[in-house]
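So the structure is just underneath, and the comments pick up after that.
The values are calculated or read from the model by the stated rules, or taken from the named source; none is laboratory data. Small disclaimer: the values here were computed from a predicted structure and weren't measured. Heads up, the Cβs are rebuilt from the backbone with ideal geometry, glycines too, and the neighbour counts pull from every protein chain shown. SASA here: full protein model, heavy atoms, side chains in, ligands and nucleic acids out. Shrake-Rupley method; radii C 1.70, N 1.55, O 1.52, S 1.80 Å.
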Amino acid sequence: MYHKMPSKRLKTDKKVMKPIVVIIFVFLNFQVIAQSTFTIKGKVTDNNQQPLTGASIVIHEILKGTISDKEGQFVFDQVPAGEYHLHISFLGYKCVHYNTVKITEKDVTCVFSMQPDNFNLNEIVVQGNTDKKLRQQKTTAIEIIDNTFIQQNLNSNLIKSIESLPGISSIDIGQGFSKPVIRGLSFNRVAVTENGVKQEGQQWGADHGLEIDQFGIENIEIVKGPASLIYGSDAIGGVIQINPNSIPEKKSFEASFQTLYKNVNHLFGASIMSKYRHNDWYYNVRYTQTDFADYKVPADSFFYNRFRLPIYNNTLKNTAGNERNIYFSTGIIKPQYKSTLTISNVKSKNGFFPGSHGIPSADKLTDDGNQRNIELPYQQVNHFKIINNSKIYLQKGSIELNIGYQNNFRQEYSLFHTHYPNQESPEINPNLELEFRLNTVSSDLKYKYIANRNELETGITSQYQMNDVGGYIFLLPQYKRTALGAFIFDKFKIHDNFILSGGLRFDYGKTDIAEFYSVYANDYKSKVFEAKFYDFSWALGLSYNFTENLNFKTNVGKSFRMPNASELSANGIHHGSFRYEVGDSSITSEYSYQFDIGLYYASEKYRFEISPFANYFPNFIYLSPTGSYLHPNGKEIVEADAGQVYQYLQSEAFRAGGEILIAFEPITNLNISASAEYIYATDFKYPIPFTPPLNIYTEISYKIPEISKVLNNTTFGLNANVTSAQNRVARNELKTSSYNIYNFSMATDIRISAININLAIQVQNILNTKYFNHLSFYRLIELPETGRNIQLMLKIPFTQKF
């Protein structure tokens, strides 16, 4: 539903801020009432039922950890009633994740039997019972990956590191910027959350990265498909949920040093981390730094704004950059509650390829002899974030409060006269092309009730945003945005093999757009208006286990998304996407009806998955190429380097597709897997732009548990990415040819005395193949993806108990 009305000026919405302040005040003055507590005790054995001494056991919900004694036994005291997921690990054995233990009115005793670790380190499946148990308890399609997977697949950024997962891909611009794509949907349709708070950093733009340090991530859960019910409007396509990092054991200290090198752009990166826990108090601190040079491509020319221009030495000039990340968290853990404060800051500076920025000119492309300098044009971004996560344990459930503040400050610099050659430059900051200052305050309050076979969760969410703009180029106006939501979700276990779930959510949002007059264009780029959006989302799902290894699930529902400010009011050059973008203030809220099913089989030797889906959008919003260089209002665009005009449209759309995965272990330590994903998308007349083509990913790996006393867990892998041509394109959209990319990987643990060093080597694009990714904006100017890249990652962990 949609409603808009005229507004004379923007003003701070005090009515929205008051509830947030009240929530914070109530929380800070909340007096915790002691609840009854219980004991979880148990035993850890090997596959021969012999006790394992020194196994690590962690309860995720209350962040408690302990070690099994010489009899393999362990005890957790003062545990409140509730449902908990245990993580058990022991060197040389498969980890056991998410084993559910439910406490209602008495103490619990449990026994865990661990199996020898003979599974591929590169596999998506977390070993043992791990994600199989969690998947069976959820009615949505999910992927779970840990730090080991990220390290083994480490790439230029987080999204590139996880895109080998079925159903996951990325929209790229060069080496520095990637946007997550889940089943063909991206931008404001995919939410990324960190520590319970949604990342807000101009995610509508393809050239705007996530500003998240991938070195500091330990665990990710990915929801493939609509997740608006729990995560709100921007999760209509899925969620990448970055979970909180693990907490050290009591009176222990952990540290690690990690370094990365890539030869394609001579990237050097280093990250140092330390954790410490006394008793109930702990901290976690990390510093990461990366520096990289101009990167190489297998091409000697490109096409920009109707001109063919040269690439010297197969190197894209001025694509160097750097990044500095600081992360600090501290918290307290008590039997009745826990609270964590996290502060992070990500600062980056990246050069823009001058050949595709401003008026076309070959003079700007000549080699300057320095591949690490950053000259005009460039962008610098600083993302500051502070989060408080608090949880109170009740007799039969919990109360959780997540509060966040984010400041995303983005500036783009470029010589004024490369855009307006016949006009006088500004007196202040003459080369400041574009500036965004986005401030976001958010809060989520959730209550979970657990009783017997029923798990009920309800909550309210609120967000307030204010975006200021600057610079001589206009793309997006100043705006203020308010969003409120409330949901209820219930999961009922009919019996141990059959789970039903369902929920309902209501969202309300208001966007106030400010007027903007451009002196250089001599025209109003935006008009004052206010738009209101509100609607319901709902979902029903079930999960049924035919056997211990075979699971079936299905979901049906409706999801809702509010248009973002770009879709409503963009009216300018978007240099990162090489186009002129035009929004539409009459666009209404977008909603989708979805249906998906999944069949999952997982045993010790075999794994099979198939998960088809279908979506119908009565009013899908998309950016479509017009094939014209004139503004839709008929006026000539005065910016000399505007490029082709793209306009936001809204129409019916249908999307269908799915993923299939087959993995097996024909002999011990040899693992073979193959996955495929396909998406069909149409507005019933033409295909939807930027739809990923059919992709097949295959991998074979072999693990040698022990080569010598020094080398352990050595894995060799070879994988192939086979991508078909994309000939189903929208009007005025370029087609892309098929390609095959081959990669090699090797990982091993190097044991020197008491130190265990993790080493990973990757050779990407072994054959130096020239290819175009259909989801890359660089293909619009005929710039291929990077050529051969050799990458080394080294990690040295350290643990000390007091």
Query raised in the report: Are any of the residues in region 509-531 open to solvent by less than 60 Å² (accessible area, probe 1.4 Å), under 22 Å from R135 (Cα atoms) and not in a strand (DSSP E or B)?
Result: no
Requested in this report: Test each condition in (1) in contact with a His (Cβ under 8 Å, 6 or more places away or on another chain); (2) modelled with pLDDT of 90 or more; (3) surrounded by fewer than 19 Cβ atoms within 10 Å (Cβ to Cβ) for E433 and report the one that comes out false.
Outcome: (3)
Requested in this report: Please list, ordered by first then second residue, the pairs with beta carbon atoms under 6 Å, 6 or more apart or interchain, first in region 786-801 and within 15 Å of N263 (Cβ to Cβ), second open to solvent by 50 Å² or more (accessible area, probe 1.4 Å) and hydroxyl-bearing (S, T, Y).
Outcome: L792/Y261
Requested in this report: Can you tell me which residue among T340, T290 is under 27 Å from E785 (Cα atoms), open to solvent by 10 Å² or more (accessible area, probe 1.4 Å) and in contact (Cβ under 8 Å) with a residue 24 or more places away in the chain?
Outcome: T290
Report task. Give me a count of the residues in region 686-712 that are over 23 Å from K179 (Cα atoms) and either open to solvent by 40 Å² or more (accessible area, probe 1.4 Å) or at pLDDT 95 or above (or both). Result -> 14
Report task. Exactly one condition in (1) in a strand (DSSP E or B); (2) surrounded by fewer than 16 Cβ atoms within 10 Å (Cβ to Cβ); (3) not acidic (D, E) is not met by I240; state its number. Result -> (2)
Query - Residues that are in contact with a Ser or Thr (Cβ under 6 Å, 6 or more places away or on another chain) and either open to solvent by 30 Å² or more (accessible area, probe 1.4 Å) or of a type outside the set (A, V, I, L, M, F, W, C) (or both), drawn from region 140-159 - result: N153, N155, N157
Query raised in the report: Mind checking which residues of region 64-89 are of a type outside the set (D, E) and touching a residue at least 60 places away in the same chain (Cβ under 8 Å)?
Result: K64, G65, T66, I67, Q78, V79, P80, A81, G82
Query - Yes/no for L734 being open to solvent by 20 Å² or more (accessible area, probe 1.4 Å), within 29 Å of Q647 (Cβ to Cβ) and not in a loop (DSSP other than H, G, I, E, B) - result: no
Query raised in the report: Got a number for residues in region 353-391 being over 29 Å from the mean Cα position of the chain (by Cα) and among the hydrophobic types (A, V, I, L, M, F, W, C)?
Result: 4
Report task. Within region 105-119, identify whether any single residue is among the hydroxyl-bearing types (S, T, Y), within 24 Å of I332 (Cα to Cα) and at pLDDT 65 or above, and answer yes or no. Result -> no
Query raised in the report: If K364 passes every condition in (1) in contact (Cβ under 8 Å) with a residue 60 or more places away in the chain; (2) of a type outside the set (S, T, N, Q); (3) open to solvent by 30 Å² or more (accessible area, probe 1.4 Å) but one, which one does it miss?
Result: (1)
Report task. Consider only pairs whose beta carbons are under 7 Å apart and that are at least six residues apart or on different chains; among these, list those whose first residue lies in region 428-454 and is touching a residue at least 24 places away in the same chain (Cβ under 8 Å) and farther than 26 Å from K198 by Cα and whose second residue is basic (K, R) and part of a strand (DSSP E or B). Result -> R453/K493
Query raised in the report: Among the residues of region 448-466 satisfying the criterion of being touching a Ser or Thr at 6+ places or on another chain (Cβ under 7 Å) and over 14 Å from E400 (Cα atoms), which is surrounded by the most Cβ atoms within 10 Å (Cβ to Cβ)?
Result: Q463
Query raised in the report: Scanning for something of a type in the set (S, T, Y), part of a strand (DSSP E or B) and either open to solvent by less than 30 Å² (accessible area, probe 1.4 Å) or closer than 25 Å to Y231 by Cβ (or both), does region 550-562 turn up at least one residue?
Result: yes
